[in-house]
Amino acid sequence: MRKLGLPALIAVTALTAAGCVAGNSPAEPEQSLAQSALSNQSTSSNQSEIETDNPIEAAPDQSQSSHPAEQSFMTTGECVDVVAINARGTNEETGGGGLTDAVAGEIVEKWSKDARAIALEYPASFDVNASVEDGVLALTAMLEDGAARCPNQKYVLVGYSQGAIVVAETLSKPEDRLIMGDVERLSEPARKAIAAVELYGDPGFVGSMPYNRGDYDPRFNGMLPRHSQALAEFATRIRDFCVAEDLFCQGSRRTGIQRSAHSLYWTNGMQAEGAAHALERLYRRAELAGEDIGAEGAAPEETDSGDAQSGGANNGH
């Protein structure tokens, strides 16, 4: 028996993070979505993984990982007060003005002290399993390096679509991850340094979580819902944004899904809402620590583009 890593995402890579592949047949993603939903019905109440004997569908054997033991990763650079790290969606260019670049940029621009935005270097490719692995390794290395060299540095993590999976996998305990279970958990100093997390179009979305925002239906989860407690340690620091018709974060509903919905985060105010939430968390943290936050040191007022939904089933996750 082998653990199935991200089959659903691989099956629907035609619906990329930015919807940037044209000419796909609508029937293909709908069929993939149905297969994904049926597969996920067999998961246990506290697992987001599937066991399979099919070597074609099973995730690669991680004991034969292609990642070199001494692979080099980028760092957060010279120490600053805040670093906003953004993980882009599938097939978006690194630092190419994507959705997460805009959110991170606004945070840096409005923060009253020194700050830096960094676009995470990872493939964000259609080979989703390998791409997410690379992203988790890169983000983990960056956060650990920062925690060791710059102990007072704080982080905001922003992820869209595949990038949201990278961020959430990095924050989760190894036993709660969809993949990358063999990578050690982030150290306590690195975890404590994370001030805010902003996720968009998250395939690991769990509809019942109190940190969710949007007009989603709380009865439905994403295509690859994570363990409901996987991000519990960060619950007060997260906003997980989801729109009702987005295949990736509402994939278990299987009807009423529109291809274009995955790009609505550009225009529905959720970018600004995510940036405002991150800034509020940063200012609150600075105030509690008695830090001088400058002349502009008033926390911005977070405005919800859609209230957090309440109630609804968790669909066993």
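The values are calculated or read from the model by the stated rules, or taken from the named source; none is laboratory data. Just so it is clear, the model here is predicted, and its values are computed rather than measured. Using ideal geometry, Cβ is built from the backbone for each residue, glycine included, and neighbour counts are taken over all protein chains shown. When the accessible area is computed, the model is the full protein with side chains, heavy atoms only, and any ligands, DNA or RNA have been set aside. Shrake-Rupley method; radii C 1.70, N 1.55, O 1.52, S 1.80 Å.
Do we have any residue at all in region 101-114 that's assigned to a loop (DSSP other than H, G, I, E, B), over 21 Å from GLY204 (Cα atoms) and modelled with pLDDT under 75?
No: zero hits.
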Checklist entry - Looking at (1) touching a residue at least 24 places away in the same chain (Cβ under 8 Å); (2) over 21 Å from LEU224 (Cβ atoms), which is the only condition GLY97 fails? => result (1)
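Determine, yes or no, whether ALA244 is of a type outside the set (Lys, Arg), in contact with a Ser or Thr (Cβ under 6 Å, 6 or more places away or on another chain) and not in a helix (DSSP H, G or I).
no
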Item to check | Within region 109-129, considering residues that are small (Gly, Ala, Ser) and under 16 Å from the mean Cα position of the chain (by Cα), the one least open to solvent (accessible area, probe 1.4 Å) | outcome: ALA124
Checklist entry - Tally time: how many residues in region 161-192 are within 17 Å of ASP145 (Cβ to Cβ), assigned to a loop (DSSP other than H, G, I, E, B) and open to solvent by less than 10 Å² (accessible area, probe 1.4 Å)? => result 1
Checklist entry - Quick one: which of ALA164, ALA102 is among the aliphatic types (A, V, I, L, M) and touching an Asp or Glu at 6+ places or on another chain (Cβ under 6 Å)? => result ALA164
Item to check | Filtered residues of region 271-283 (kept if more than 10 Å from LYS110 (Cβ to Cβ) and open to solvent by 10 Å² or more (accessible area, probe 1.4 Å)) | outcome: GLN271, ALA272, GLU280, ARG281
Checklist entry - Can you spot a residue in region 138-154 that is open to solvent by 10 Å² or more (accessible area, probe 1.4 Å), charged (D, E, K, R) and within 16 Å of the chain's Cα centre (by Cα)? => result no
Checklist entry - Are any of the residues in region 95-114 within 24 Å of HIS262 (Cα to Cα) and aromatic (Phe, Trp, Tyr)? => result no
Checklist entry - On the given criteria, is SER161 free of Cβ contacts under 8 Å to residues at least 60 places away in the same chain and small (Gly, Ala, Ser)? => result no
Next on the checklist: If I ask for residues that are outside any loop (DSSP other than H, G, I, E, B) and of a type in the set (Gly, Ala, Ser), which ones from region 213-241 would you list?
Outcome noted: ALA232, ALA235
Item to check | Hits in region 249-266 (condition: open to solvent by 50 Å² or more (accessible area, probe 1.4 Å), in a helix (DSSP H, G or I) and of a type outside the set (A, V, I, L, M)) | outcome: ARG253, ARG259, SER260, TRP266
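What about PRO203, is it open to solvent by 10 Å² or more (accessible area, probe 1.4 Å) and either within 20 Å of ALA138 (Cβ to Cβ) or touching a strand residue (DSSP E or B) at 6+ places or on another chain (Cβ under 6 Å) (or both)? Step through it out loud before you land on a result.
Details: open to solvent by 10 Å² or more (accessible area, probe 1.4 Å): no; either within 20 Å of ALA138 (Cβ to Cβ) or touching a strand residue (DSSP E or B) at 6+ places or on another chain (Cβ under 6 Å) (or both): yes.
Judged against the criteria, PRO203 is not a match.
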Checklist outcome for this item: Contact list, first residue from region 103-114 and without any contact (Cβ under 8 Å) to a residue 40 or more places away in the chain, second anywhere and among the acidic types (Asp, Glu), beta-carbon distance below 7 Å, six or more apart or interchain, is ASP114/ASP81
Checklist entry - Within region 264-276, is there a residue that is more than 17 Å from the chain's Cα centre (by Cα) and either modelled with pLDDT under 90 or of a type in the set (Asp, Glu) (or both)? => result no
Checklist entry - Hey, VAL243 hits all of (1) of a type in the set (A, V, I, L, M); (2) at pLDDT below 95; (3) within 15 Å of PRO203 (Cβ to Cβ) but one; which does it fall short on? => result (2)
